[in-house]
Structures are given as C-alpha cells and as structure tokens.
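Accompanying notes for the structure given below.
The values are calculated or read from the model by the stated rules, or taken from the named source; none is laboratory data. These numbers were taken from a predicted model, which means no experiment stands behind them. Here the Cβ positions follow ideal geometry from the backbone for every residue, glycine too, while neighbour counts run over all protein chains shown.
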C-alpha cells in the first residue's frame, strides 16, 4: 500500500500502481470526468501513470494553469500529426505549450504555408481528435531513439537526442503518430473539441541565427467550442486596449527609428503621468525611511564583472564603450544594484545604522533582439523603480515584510486586486546557473517562504525561476481581461555583499556581511505604464490621469467665464484644460470621450448667470449643475478614496 497526500492535506491509502484517474474516481465520478492530467511530487504525469510510492498528488483540470499547459502541449502533438499528414516529409523540431496556447517549430522544406492554410489544418486536427486516440508515453533507449529519427531523416530530433542520456528519453505515441517528448499529456485526443491556429512566424533552430530558419505555427485549443468563442472575443477586446494603440491615441509616448528601436520617447502627457507615478512612490518611500540616490547611466566594465552581471548578461548588453585610454571599457548600465553597493561601501557602518535603504528611479539598458521588442513591454532602455536595502540577518524578516506592504499599497492604489505571489527558487538540478554558497541560498529561500506565509499571501512556488544571485518573490497580477502579468519583485541576496566585500561592525565589534534586498514595486516604469494602460483601457485612476477635466464652452461669448473657472480649478490643483476651438460642443464631447477625460465641464448662458458649472462624466452620465467648489470637493474626495497615505 502507498499513501497519497491530497491538496487539502488529507492522506489516503491505495494499492501501489494506482493511477491518478483511479484516485479521482475514488473521490467522485464528476471529478474524474474533468481531470486531464496530474502532478505527483511536483512532476506532471498522465492520468494513467501508475504511482508506486508515497507522495503528494494534485489532480489537474483545464481550469488549472498546469492543466492548460498539458492540454496545449497535447494539442501541439495533434497539430504536428495533422501537418505531417498534409505536408509529408516536413521535419518536426519542438512543440511546447506557452502561456496562451502552443506552437510547433517545423522545417517545411519546399512547402509554403500561410494563415490561408489554417482552416484546412484545423479541420484535419478536429477530424483526428474525434478518434479519441490515447496518448501513451514510453521509454526508449538512446540507440533506438537515434535509429528512429535517422530513418526519419530528421537532424533536429537527432541533435536533441544526442544531448540526452539513456534512461531519460521517452517517446509519446497517439494513433499513428510518434514524437520525442518528456511527457505530460491529456488522456486522449477526444478532449480537444475546439482549435484555432493563430499565426505563423519565422524562428531560428534553437534561437541561434546561425542555424536554419524554421516556421513557427501558433495555435490555441479548448475542451469546448464556447471557450474558444470567449477567448477570441477577449482577444478582440485586448486589441482595443493594446497599449501601443492607446499610447498613440492619448499622446503618451512614441518611437522613432531615427532615435533607435526599443527606445521610447515620452510625450508631455506621458512624461507628466510618469512624474506622478514617481512622486506617488517617492512619498511612500519617504514614509518608509528610504534615501533617494542618483547613479550614472554608465559604469566601468570591471564593476559588472565584479557583480557577475557581465558574465550572466554580457551577451544581452550593448557593446562596451572604449575610451581613449587603452584597455579602459565602460558599459551602459544594465542594473542599478552594483552602483548602490558602491554607495554603501563609500561609508563605514555599524549595526546601529542598519537597515540602510537606497532608492533610485534608475535607467538601465539591455540589448534586446529586435524581434523581441514590443511597445513599452520589451524595450532596450527602461527606468526601474529600484531600491536596495542593506540589513543585518536579524532584520531581514521584518524588512522583507515591509516591502510586501509597500507592494500591496501600490497595487491597491492602482486597482490591481487579483494577484498571486510567486516564490521563485533555484533549479536543484542545475545549480551552475547561480552564484553564491549553498548555505546562503538556503537562508534566503527560507526567509522568502516565511514572509509569504506570515503575510497571508496567496502564493505558488516555482523552482528554477530564481535570479542568478538569489531567490525572489514576484507578484503575478491579473488585469481586467484576466491576463496574468509579472508586476513587482522582491529579491533576497547574500551574494552581492560577498562579491563587493560589504561590511558593518556588529555588537561584538567584529565585521559582518549585510544581507541585501532588491525591490521594485513597479518593475519598470515603461512596462508598468503599458500594463496599466491595458488594464484600465486608458481610463486611469483620477489621481493619476493626465487630464482630470476639460472645459467646453458652448459659445465664444462665455470664454471669459470659462477662463475664470479654469483659473479656479488650477488654484485647487485640478488638472484641467479649456477647449476653446470653434467646433460644435457635440464634437468636443466626442473627442473628450475618445481622450478618456474623466469630467467634461459644460459652460453656457445658464452657468454664467448662476456662477456654476454643468458636469458630464466620462461614459455619458449627466451630474447636473453645481458650484465650482462642490466640483473641487468631489474631485478631492474621489482622489482621497483611492489614494490613502502609506503607513509603515
């Protein structure tokens, strides 16, 4: 007998060899009908996999993220099978699940494929799916695997297998199709009821431009046609909210080929919005006793060699800047933390002085590939709301929790209510990716897990997602369309203090290493603004929006009174404009609606006579006539309700 621990903490006994599907059936038939895969001891397995030892079991449906990944990975197999039948001889490479579906990279040889071919491929996929063919995973020796793909004349799969060892190679079979695969599949193809191929793109084999170019076919699939319909409707809404489209319409930012790809230019309204975001966070940081610092945009290459960033990110950085002095090289700053370490190092510290908290809106530069650039979400120059806390090991727990409080304050003030924390730990199978001692990593990982538990965060643990210098706590936020974004990060670092030989004098009069916390509630200003734009659809919170009200005079006769109202509003620090163009009031209202202005102030004969203003709210609601002072109070009350002062 074996003992299976379920997510609710209950432990049940089963005979060795019991499958996840049998466990599901023992709970309820209804549950069993919805289970498509499982996770045993943190490894994804099929519902038909025999369990031979004690362990923790999570039963997965399509509603679970890992269940979706299994469903979409299985769908990639199905798409590959359909394409192979329709285009005999093509060479398959890899076909993983991604956040919103799946793709397969394929060498189409002499065939040409475009989105015009999608309907017939989709039709073939559904035809094959109706056969309800089981996905069967089987172990294959390295010799047999190589032999199979050499017969298939597929050099890509051969290359993959050559990098594997005997005992870690598996094939997946369904129907008459075989593919090299690690596993994690739905029970059979019949679960796939709706399919949509989304796009086709070029991709280099293994991401190396020196290798052959392949064709990447993207798709998405669902257990029900209704779910596909809802997904496509969501995509249409996402197009309307695309930050690139809204940024142009609202005149927030632009790009110029002359300036360079991935280097955003902030227009006056966008710059003002950024400034308000910075002021908002600086006020909260002042409450939390952060000191503001400023560091240069470049640094000596040796600085980043010392920190380890050059070794890890050198290929993604801009080329070194050579000075007239022989052998002297500088880099555009890829990270702020090495500079902050040097600021800390410029003074002598006692344990009584700690924690020291340095904050900076520091601009950094990374050479992203041109094909990966995307609006403000993936750029080559971006500003991080960076801060680094240097503390004693005893202070780490409290400091980490204070940073969590600051991140939650930011989210609450900006309307991000649905989020999950992700604790990112090392990959235990590949520790060469990381720097630092085993002891320091264990202490850092324990500190993050304890803080997440004690703050009552809803969190998940992801192994292999840590930064190279330490574990981290990332906040995965869902926007208004249900899409998940990584916003805000907190990282514990014992390693940079070692590398930079940072010290403080302890109560024992001995010198000790501080612990370092990296944190950025926004992440980067560029990416944060992009996500906020798409989350709000351009309808920013009133305290943040570039233009809180616009005055629309129905005739030039009331221009003087309109200017008087504008002056009164500005005296009360209300961000207002006066639209005195010789256009119809209707057109002005339509344009104000398009520009997402929260309030429209209509002024005519009645308003001038009564020394009042008429208010129309964005969206069409008529709030009637009121004195200017009453409108000012309304604005201030609305701002105060959403923007309380940060308390430590």
Name, by its number, the condition in (1) under 24 Å from the mean Cα position of the chain (by Cα); (2) under 26 Å from residue 76 (Cα atoms); (3) part of a helix (DSSP H, G or I) that does not hold for residue 202. (3)
Does at least one position in region 579-587 carry a residue that is part of a helix (DSSP H, G or I), touching a strand residue (DSSP E or B) at 6+ places or on another chain (Cβ under 7 Å) and modelled with pLDDT under 95? yes
Subset of region 206-229, residues assigned to a helix (DSSP H, G or I) and modelled with pLDDT under 95, comes to 206, 207
In region 343-366, residue nearest to the chain's Cα centre (by Cα) [restricted to those that are outside any strand (DSSP E or B) and surrounded by fewer than 16 Cβ atoms within 10 Å (Cβ to Cβ)]: 345
Okay, strands (runs of 3 or more DSSP E) sitting entirely in region 9-80 with 2 or more residues that are more than 26 Å from residue 177 (Cβ to Cβ), I get 11-14, 55-60
Quick one: would you say residue 83 is outside the structural domain of residue 476 (by TED's automatic domain parsing), in contact with a helix residue (DSSP H, G or I) (Cβ under 8 Å, 6 or more places away or on another chain), within 28 Å of residue 214 (Cβ to Cβ) and in a strand (DSSP E or B)? no
Look at region 231-253 and say how many of its residues are surrounded by 13 or more Cβ atoms within 10 Å (Cβ to Cβ) and more than 22 Å from the chain's Cα centre (by Cα). 3
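Here's the yes/no breakdown for (1) in the same structural domain as residue 189 (by TED's automatic domain parsing); (2) free of Cβ contacts under 8 Å to residues at least 12 places away in the same chain:
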residue: 12; (1), (2): no, no
residue: 20; (1), (2): no, no
residue: 25; (1), (2): no, yes
residue: 40; (1), (2): no, no
residue: 45; (1), (2): no, no
residue: 52; (1), (2): no, no
residue: 55; (1), (2): no, no
residue: 71; (1), (2): yes, no
residue: 76; (1), (2): yes, no
Can you tell me which residue is farthest from residue 43 (Cα to Cα) among those in region 444-464 that are touching a residue at least 40 places away in the same chain (Cβ under 8 Å) and touching a helix residue (DSSP H, G or I) at 6+ places or on another chain (Cβ under 6 Å)? 455
Out of the helices (runs of 4 or more DSSP H) lying entirely within region 91-165, which hold 3 or more residues that are at pLDDT 95 or above, within 32 Å of the chain's Cα centre (by Cα) and farther than 19 Å from residue 196 by Cα? 155-162
Positions within region 368-391 being in contact with a strand residue (DSSP E or B) (Cβ under 6 Å, 6 or more places away or on another chain) and assigned to a strand (DSSP E or B), in sequence order: 381, 383, 384, 385, 386, 387, 388, 389, 390, 391
